[in-house]
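Asker: This is the structure I want to talk about, given as structure tokens.
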Amino acid sequence: MNLGGIRRERWQGLRPLRDWRQLLIDIINWNAVDRGMLPLLLGTPLYLQVILWFEYVLQRADRDQLVNVALGLQARGVFWAMTAGALALFALGFRLRKRHPDAAWYQYVTTLYYALTMSYCSWLVGTQSFMTGVVMLGAPVAGFILLERAPVLLAFLTALTCSMALSLASATGALPYAPLVIPPASESSALFWAVSSYFLSLIPIVVLVVLADRALSSWRQREAGIHAISRTDALTGIHNRRSILELLDKEIARTRRHGPPLSVVILDLDHFKSVNDTWGHPTGDHVLQTTAEVLQKTIRQCDAVGRYGGEEFLILLPDTTLEGARVLADRCRQRLAEERVTAENGELFHVTGSFGLACNEQCFELGASVLIKAADEALYRAKHAGRNRVEVVAPPPPAAV
């Protein structure tokens, strides 16, 4: 049996689901009109759910003990009209998204439509009911995440004003409070309204949670991407200068607490200017990329390498003595010298590097600047001693720091 083929077929079958999930993750990147349809996407299923609820309640033998039947019949027609209005706005949105995808006014229309229809719902079941609270708190939060701020704020203030006006009118006796609801007179009627509250709140809760989660997932992905870009050298894909120096500070703090030595290596490519002069800057970039690849393949998993500047690389070797670091640095030197680089014209050539090494095994209190200065001095010695070699300089003792 071909299990790999079966797995691939199942994964392919789930592709539409994955595509839709990715679409939701990218929801913030939708145009203004597409995002303007989101209130309708939330409202329309809710209208249909309420209609379904009315169909059930109005068929019950004890309906007179549960709801105001006359108002219920009227409200059912209103919700059918709300559904038709939402579908009309959907149709308008599909026309706009092709011709005017950035029509900001469309979001004002759809958010206000949602706010006014929800205000009517809150009047039917009570402005202080559980269902009203779910919509009043959840919808603005999701709206501020997914839509433009101004239309959401206007819709929220409109809904809040309507809710306050309805509450005051009920308090003064101008309007009945929750006119659809017959106050429960028995355990069964109380249970009916408890279940109905959760049933009618189900769609807003699920939709709002899913949309908010997808939007926040998109934000988290963006933040992770921006964070990675800010710490990565664009050319070589390894740590940039700021990132590798931050790691150096962390490793120094760790070695001060726990004691294992830390070694620092600075590598400078030999005669790199002649590479650019002979074969051009694209080939020079290729040399830097190749060097980064060789170093990453040679160092250990616990080590780190970053582009320190130009053709210089900084290698951090935690928990490594001076002798162990010398062996590892020389291995990097050898593998770099053995690597053949292809120029743009197809010509093959070798590059070498000079390595400067310093270690804090004699004093764990040495700071980053002291270690780097010692490694840089060692690099200077390697250059003047003939290049393509590893040199070591002991950092100055604490009294001289």
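Asker: Considering only the range 292-308, state which residues are closer than 21 Å to S230 by Cβ, free of Cβ contacts under 8 Å to residues at least 60 places away in the same chain and among the aliphatic types (A, V, I, L, M).
Answerer: Once the filter is applied, which keeps residues that are closer than 21 Å to S230 by Cβ, free of Cβ contacts under 8 Å to residues at least 60 places away in the same chain and among the aliphatic types (A, V, I, L, M), the range 292-308 yields only A292.
Asker: Being polar (S, T, N, Q), within 17 Å of G237 (Cβ to Cβ) and surrounded by fewer than 17 Cβ atoms within 10 Å (Cβ to Cβ), is that true of even one residue in the range 292-300?
Answerer: yes
Asker: Scan the helices (runs of 4 or more DSSP H) fully inside the range 2-67 and keep the ones with 2 or more residues being surrounded by fewer than 16 Cβ atoms within 10 Å (Cβ to Cβ) and modelled with pLDDT of 60 or more.
Answerer: 38-57
Asker: Could you look through the range 170-198, keep only residues that are part of a helix (DSSP H, G or I) and under 22 Å from Y114 (Cα atoms), and pick out the one that is farthest from the chain's Cα centre (by Cα)?
Answerer: Among those that are part of a helix (DSSP H, G or I) and under 22 Å from Y114 (Cα atoms), it is S196.
Asker: Separate question: For residues in the range 178-197 being under 23 Å from P45 (Cα atoms) and in contact (Cβ under 8 Å) with a residue 40 or more places away in the chain, which is surrounded by the fewest Cβ atoms within 10 Å (Cβ to Cβ)?
Answerer: Result: S197.
Asker: Filter the range 304-332 for residues that are among the charged types (D, E, K, R) and surrounded by fewer than 21 Cβ atoms within 10 Å (Cβ to Cβ) and give the result.
Answerer: Within the range 304-332, E312, D319, E323, R326, D330, R331 meet the criteria.
Asker: Then there is this: Return the pairs, sorted by first residue and then second, in which the second residue is of a type in the set (A, V, I, L, M, F, W, C) and surrounded by fewer than 17 Cβ atoms within 10 Å (Cβ to Cβ), the first residue lies in the range 333-347 and is free of Cβ contacts under 8 Å to residues at least 60 places away in the same chain and more than 10 Å from V294 (Cα to Cα), the beta carbons are less than 6 Å apart, and the residues are 6+ apart or on different chains.
Answerer: Cβ pairs passing all conditions: R340/L348; V341/F349; T342/L348.
Asker: Pairs needed: first member in the range 59-79, within 14 Å of S186 (Cβ to Cβ); second member anywhere, charged (D, E, K, R) and surrounded by 11 or more Cβ atoms within 10 Å (Cβ to Cβ); C-beta distance under 7 Å; at least 6 residues apart or different chains.
Answerer: These pairs meet every condition: L66/R60.
Asker: For the range 80-88, indicate whether the set of residues that are part of a helix (DSSP H, G or I) and either at pLDDT below 95 or under 11 Å from L180 (Cα atoms) (or both) is non-empty.
Answerer: no
Asker: Determine if the range 199-218 includes at least one residue that is on the phi > 0 side of the Ramachandran plot, surrounded by 15 or more Cβ atoms within 10 Å (Cβ to Cβ) and either outside any helix (DSSP H, G or I) or not charged (D, E, K, R) (or both).
Answerer: Within the range 199-218 (the criterion being on the phi > 0 side of the Ramachandran plot, surrounded by 15 or more Cβ atoms within 10 Å (Cβ to Cβ) and either outside any helix (DSSP H, G or I) or not charged (D, E, K, R) (or both)), the answer is no, since none of the residues qualifies.
Asker: If you don't mind, another one. Given the residues L137, L112, L175, L160, which is the only one that is surrounded by fewer than 18 Cβ atoms within 10 Å (Cβ to Cβ), of a type outside the set (G, A, S) and either modelled with pLDDT of 95 or more or outside the structural domain of T83 (by TED's automatic domain parsing) (or both)?
Answerer: L112
Asker: Which condition number in (1) closer than 18 Å to D268 by Cα; (2) among the hydroxyl-bearing types (S, T, Y); (3) surrounded by fewer than 19 Cβ atoms within 10 Å (Cβ to Cβ) is the one that T342 fails?
Answerer: (1) is the only condition that T342 fails.
The values are calculated or read from the model by the stated rules, or taken from the named source; none is laboratory data. Here the structure is a predicted model, which means the values were calculated and not measured. Glycine also receives a Cβ, built like all others from the backbone with ideal geometry; neighbour counts cover every protein chain displayed.
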